[in-house]
Amino acid sequence: MSAADSIIVFDFETTGLSPDMGDRAIEIGAVRLVDGVVVDQFQALMNPGFRVSGFIESYTGISNAMLAEADSCADVMARFTDFIADDNLLAHNASFDKRFLDAELDRLSLHYPGQVICSLLASRRIFQHAPNHKLGTLVDYTNLAVEGDFHRALFDAQMTAEIWLKMLGQLRQDYGFNEIPFALMQKLNKTAKKSLHKMLLSAAA
């Protein structure tokens with residue numbers, strides 16, 4: 001049974017919003033959590049094969065000059081697949097990052113056996129009183145120390161990991177869990193807010 005605090009937290013920076021529209025990944029950042037502790041990390045820029053827009057340069061701080069010297073998407077994603085191994089994955093607004101992960105790996109006929117879970121969906125249920133559930137807002141809401149720049153992949157992955165551990169800690173505090181299975185967090189993300197308390201009480205019993 002896989003634990004929710006042993007997981008790979010990842011984040012992409014991209015040329016736009018949709019791989020279906022030809023957008024590509026330009027940076028991947030990830031941290032590996034084992035029993036709630038960061039034990040490894042992965043970060044790489046990747047050259048998508050075309051120039052990125054001025055908006056993306058200013059939004060991410062990743063310039064075309066930086067990307068010109070980066071390895072290809074294929075090289076980086078092959079290394080990242082090795083890094084993932086058979087672990088489960090986590091991202092904030094995971095539907096976005098999973099689309100790019102799947103699109104980049106499909107180009108290479110590569111696959112990953114783990115499942116992907118979303119910390120944004122979990123935060124809507126666990127931190128219901130947060131002003132909103134953007135990553136930066138949750139960092140402020142949980143009083144995390146910030147040393148880095150949002151919209152760079154490794155930093156965003158690190159902050160997502162910290163938020164995730166805060167949420168797991170909240171569940172332990174509120175419901176007395178010792179171990180929190182990954183499968184329980186998957187169930188939590190699919191449970192309506194009004195039914196959440198009853199579900200968690202039952203799971204903790």
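Only lysines eight or more places from Lys194 in sequence, or on another chain, were considered; those with a Cα closer than 24 Å are Lys134, Lys166.
The charge dipole of the chain, taken about its Cα centre with unit charges on the Cβ atoms of Lys, Arg (+1), Asp and Glu (-1) only, comes to about 1120 debye. The computed volume of the Cα convex hull per residue in Å³ for the structure shown corresponds, within [x] 132; [y] 124; [z] 111, to [y]. Each Lys and Arg Cβ is given +1 and each Asp and Glu Cβ -1; about its Cα centre, the range 121-182 then shows a dipole of about 220 debye.
Applying a DSSP loop filter and a limit of 13 other Cβ atoms within 10 Å to the GluC sites (Glu not before Pro) in the range 104-192 leaves Glu147, Glu179.
Filter the trypsin sites (Lys or Arg not before Pro) in the range 108-205 down to the DSSP loop ones having no more than 14 other Cβ atoms within 10 Å, then list what survives.
Lys190
Look at the dipole of the chain built from charges on Cβ: of Gln128, Ile26, Ala161, the Cα furthest out on the positive end belongs to Gln128. Here's the list of aspartates and glutamates a cross-link from Lys98 could span, going by alpha-carbon distance under 18 Å and ignoring same-chain residues fewer than 8 apart: Asp11, Glu13, Asp20, Asp23, Glu27, Asp82, Asp86, Asp87, Asp106, Asp156. Restriction of the chymotrypsin sites (Phe, Trp or Tyr not before Pro) in the range 1-58 to DSSP coil positions whose beta-carbon has at most 14 other beta-carbons within 10 angstrom yields Phe50. Label positions at Asn178 and Asn143, each projected 7 Å from the Cα along the C-beta direction, are separated by 2.9 nm. Mind checking which of Gly49, Phe177, Thr15 is farthest towards the positive end of the chain's charge dipole, using Cβ charges of +1 (Lys, Arg) and -1 (Asp, Glu) about the Cα centre? Sorting the options by dipole projection puts first Phe177.
So for the range 1-71, averaging the separation of alpha carbon pairs under 8 Å that are six or more residues apart and normalising by length, what relative contact order in percent results? Relative contact order for the range 1-71 comes out at 26 percent.
Here the spin labels are modelled as points 7 Å beyond Cα on the Cα-Cβ line, and at Ser18 and Asn93 they lie 1.5 nm apart. The relative contact order of the chain, computed from alpha carbon pairs under 8 Å that lie at least 6 residues apart in sequence, is 25 percent. For the pair Phe55 and Ser2, label points projected 7 Å from Cα toward Cβ lie 3.4 nm apart. Which FRET efficiency value, to the nearest 0.05, do you get for Ala85 and Lys187 by plugging their Cβ-Cβ distance into 1/(1 + (r/R0)^6) with R0 = 25 Å? The pair Ala85/Lys187 has a calculated efficiency of 0.55.
Since every read-out is calculated from the coordinates, none of them should be taken as a lab result. No experiment lies behind these values; they were computed from the predicted model shown. Counting neighbours? That spans all protein chains shown, and the Cβs are built from the backbone with ideal geometry, glycine included.
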